[in-house]
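Please treat every number below as a calculation from the coordinates, not as lab data. Being a predicted model, the structure only gives us computed values, none of them experimental. Ideal geometry is used to build each Cβ from the backbone, glycine not excepted, and the neighbour counts take in all protein chains shown.
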């Protein structure tokens, strides 16, 4: 199910930060598009997968994704998604210290409350003393957010990209270097050398990151740890949990536990 893109008024609105809320059913897709403002997309519920020419990202519930202005991206909704978007002008991006590349971030309880406050501001109220204070604090709070390792790069070289995209369509720890070399029509040695030169990491590290990305998306949508570990070729649930904890800093249960309690967002 394809959805319309952002209406033009949000792109050209005068406040340096414009906050909107929209809800999408599971399976909704935004075809490749770009914005003239940077987009800070917070998944209040559900999860989102995003694809660009440089890689793909997953945004579990209660996390957010930063997309710089003019970066073409495609979004897929996994589960019913409530998305709070903050569109930022150049000055706000600089003040928030946001990077020139896409990045997934954790969210603080304060930022969730600021989203709530910003969503009820009328266009006139946004320029009031209170409105400006809310948006100023929201922009400043973006500086404090932790980076999350929820992305996997895609190589630029055509044969490597074809093999990696095939992997991402059905990721598994059981897919070997030899499989990938065959898919890319290269020798094993050429594949491993060229992949590292292109994306700056080994195939084994890339494979694990791609599998964790898929696992995070499936867990966020409600799949069980046992099923995800089995589907993605991990030797056991405990092995999967150990790798998840080592790479993402917490067990799946703790990682997806919601913090901040009172806020509905």
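Express the Stokes-Einstein translational diffusion coefficient of the chain in µm² s⁻¹, to the nearest whole number, given a Kirkwood radius over alpha-carbon pairs, 37 °C and a viscosity of 0.692 mPa s.
168 µm²/s
Which angle from 0 to 90°, rounded to the nearest 10, does the C-alpha axis of helix 129-142 make with the longest principal axis of the chain?
So the inclination is approximately 20 degrees.
Return 216, 136, 192 ranked ascending by Cβ neighbour count within 10 Å, so the fewest neighbours appear first.
136, 192, 216
Would you calculate a helix-derived [θ] at 222 nm for the chain, using -39,500 (n - 2.57) for each DSSP H run of n ≥ 4 and dividing by the full residue count, to the nearest 500? Walk me through the intermediate numbers first.
On the way: 11 runs with 110 residues, N = 265.
Mean residue ellipticity at 222 nm (helix-derived): -12000 deg cm²/dmol.
Taking only Cα atoms and a 10 Å spring cutoff, compute GNM fluctuations for the chain and point out the largest among 150, 110, 135.
110
Find how much the distance from residue 238 to residue 128 grows on full extension, using 0.36 nm per residue of separation minus their present alpha carbon separation; answer in nm with one decimal.
Working it through step by step, the gained length comes to 34.3 nm.
Using 0.36 nm times the number of residues separating residue 33 and residue 245, minus their current alpha carbon distance, what extension gain do you get?
Details: separation 212, 0.36 × 212 = 76.32 nm, distance 3.41 nm.
So the extension gain works out to 72.9 nm.
How do 120, 71, 29, 81 rank when sorted from fewest to most other Cβ atoms within 10 Å of their own Cβ?
On the way: 120 10, 71 19, 29 13, 81 23.
Exposure proxy ranking, most exposed first: 120, 29, 71, 81.
Taking springs between alpha-carbon atoms closer than 10 angstrom, which of 146, 15, 68 fluctuates most in the Gaussian network model of the chain?
Checking each option, the largest mean-square fluctuation is seen for 146.
Given C-alpha coordinates of region 8-148, what is the ratio Rg to Rh with the Kirkwood estimate of Rh?
On the way: Rg = 14.0 Å, Rh = 15.0 Å.
On the Cα set of region 8-148, Rg over Rh gives 0.94.
Rounded to the nearest 0.05, what FRET efficiency is calculated for residue 22 and residue 100 with R0 set to 22 Å and r the Cβ-Cβ distance?
Values: r = 26 Å, r/R0 = 1.18.
Given R0 = 22 Å and the Cβ-Cβ separation, E is 0.25.
Hey, fewest Cβ within 10 Å first, where do 115, 256 land in order? Provide the component values of the computation, followed by the final result.
Details: 115 24, 256 15.
With the sparsest Cβ surroundings first, the list reads 256, 115.
So how tilted is helix 188-199 from the main axis of the chain? Cα-based, degrees 0 to 90, rounded to 10.
Helix 188-199 and the main axis of the chain meet at about 10 degrees.
Hey, with R₀ at 25 Å, roughly what FRET efficiency would residue 108 and residue 74 work out to, going by the Cβ-Cβ distance, to 0.05?
Plugging the Cβ-Cβ distance into 1/(1 + (r/R0)^6) gives 0.35.
Assuming 0.36 nm per residue, please report the length gained on full extension of the stretch residue 197 to residue 136 beyond their Cα-Cα distance.
Numbers: separation 61, 0.36 × 61 = 21.96 nm, distance 4.18 nm.
Extra length available between residue 197 and residue 136 comes to 17.8 nm.
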